[in-house]
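Take a look at the structure below.
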Amino acid sequence: MRFLWLVALPLILLVAALPARAQLRCGAFAPYPPAAPAPRTNSYVVGVFHSINAAVKTQPYRVLFFGDSITERWDEPLWGAKAVWATNMVPRGVLNAGVSGDRTEHLRWRLDHGNLDGPPPKGVVLLIGTNDLGHGRPPAEAADGIRLTLLQLREKLPQAPILLLGLWPRGATPEDHLRKEVVEVNKLISRCANGQAIVYADIGGALLEPNGVLARKISPDLLHFTAEGYERIVPKLDPLIDRLVPP
């Protein structure tokens with residue numbers, strides 16, 4: 001018996017020394033797995049991906065903001081939103097890591113292929129999944145893609161708190177089918193937050209008129225946003241980032 005204990009002890013110590021696998025409060029939402037991580041081949045997209053890989057190694061930052069075109073376009077001259085990013089995100093040390101057109105499986109691939117190869121951030125902002133809906137996926141599948149992205153971030157950045165943003169509204173009115181699906185996704189992913197390692201915030205209502213309409217002056221294509229749209233968002237987002245990573 002003593003011999004068996006001496007044999008087992010090193011194995012017990014080894015297992016105890018292994019890092020615990022990241023877990024979330026939420027389980028799978030769909031009865032089937034979401035799409036596996038996959039790269040994109042569009043030349044523009046590949047260029048943005050490589051620029052993010054270079055930026056995390058060469059530019060100072062405190063927060064990584066992962067997302068799709070809603071994130072990427074915020075830091076571009078298109079529709080005049082770049083100044084809003086410069087005024088609100090740059091002083092907070094936020095690095096734009098959005099890639100237009102990305103779905104959740106594309107971001108998950110990026111996380112394994114260089115987007116996290118720089119110094120670990122103090123915090124992460126995540127806004128991803130609207131393109132999953134636009135690709136025809138049901139809300140549960142889109143939410144599962146977000147859930148797996150959260151798991152991946154927790155495993156790779158165990159010390160960095162995550163601000164999980166609910167998807168922002170799209171479609172002209174509350175009756176639009178994609179608007180309804182956004183609401184459904186947000187209800188699901190909110191279950192993954194615990195208020196500490198993962199903080200959930202649904203701030204997209206700031207983009208809407210009092211009657212729930214998404215105005216063209218805010219979103220000309222009812223998906224992306226003008227400078228006025230981002231200006232509505234920052235009073236909600238800035239304090240959330242400041243609490244996530246105190247200045």
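Which residues, counting only those in segment 59-95, are under 21 Å from T41 (Cα atoms) and free of Cβ contacts under 8 Å to residues at least 40 places away in the same chain? Outline the logic, then answer.
Our first condition is that a residue be under 21 Å from T41 (Cα atoms); within segment 59-95, this holds for 66-73.
If the condition is that a residue be under 21 Å from T41 (Cα atoms) and free of Cβ contacts under 8 Å to residues at least 40 places away in the same chain, then E72 is the only one that fits.
Report whether or not G204 is without any contact (Cβ under 8 Å) to a residue 60 or more places away in the chain, within 23 Å of V99 (Cβ to Cβ) and crowded, with 16+ Cβ neighbours inside 10 Å. First the steps, then the outcome.
Values: without any contact (Cβ under 8 Å) to a residue 60 or more places away in the chain: yes; within 23 Å of V99 (Cβ to Cβ): yes; crowded, with 16+ Cβ neighbours inside 10 Å: yes.
Yes.
Test of understanding: among V7, V15, V45, V84, which residue is of a type in the set (V, I, T), within 19 Å of the chain's Cα centre (by Cα) and either modelled with pLDDT under 95 or not in a loop (DSSP other than H, G, I, E, B) (or both)?
Numbers: V7 fails: within 19 Å of the chain's Cα centre (by Cα); V15 fails: within 19 Å of the chain's Cα centre (by Cα); V84 fails: within 19 Å of the chain's Cα centre (by Cα).
After ruling out the rest, the residue left standing is V45.
Can you go through G212, G171 and tell me which one is at positive phi, assigned to a loop (DSSP other than H, G, I, E, B) and in contact with a helix residue (DSSP H, G or I) (Cβ under 7 Å, 6 or more places away or on another chain)? I'd like the intermediate steps shown before the answer.
On the way: G212 fails: in contact with a helix residue (DSSP H, G or I) (Cβ under 7 Å, 6 or more places away or on another chain).
Unique residue meeting the criteria: G171.
Select, from G118, G136, the only residue that is assigned to a loop (DSSP other than H, G, I, E, B) and within 27 Å of A215 (Cβ to Cβ).
Working: G118 fails: within 27 Å of A215 (Cβ to Cβ).
Sole residue among the options that is assigned to a loop (DSSP other than H, G, I, E, B) and within 27 Å of A215 (Cβ to Cβ): G136.
Let me spell it out: the conditions are (1) surrounded by fewer than 11 Cβ atoms within 10 Å (Cβ to Cβ); (2) in contact with a strand residue (DSSP E or B) (Cβ under 9 Å, 6 or more places away or on another chain), and A55 meets all of them except one. Which number is the exception?
So the condition that A55 fails would be (1).
Could you list, in sequence order, the residues of segment 142-167 that are over 12 Å from the mean Cα position of the chain (by Cα) and either hydrophobic (A, V, I, L, M, F, W, C) or surrounded by 23 or more Cβ atoms within 10 Å (Cβ to Cβ) (or both)?
A142, D144, L157, A160
The values are calculated or read from the model by the stated rules, or taken from the named source; none is laboratory data. Because the structure is a prediction, the values reported are computed rather than measured. Note: ideal-geometry Cβ built from the backbone for every residue, glycine included; neighbour counts use all protein chains shown.
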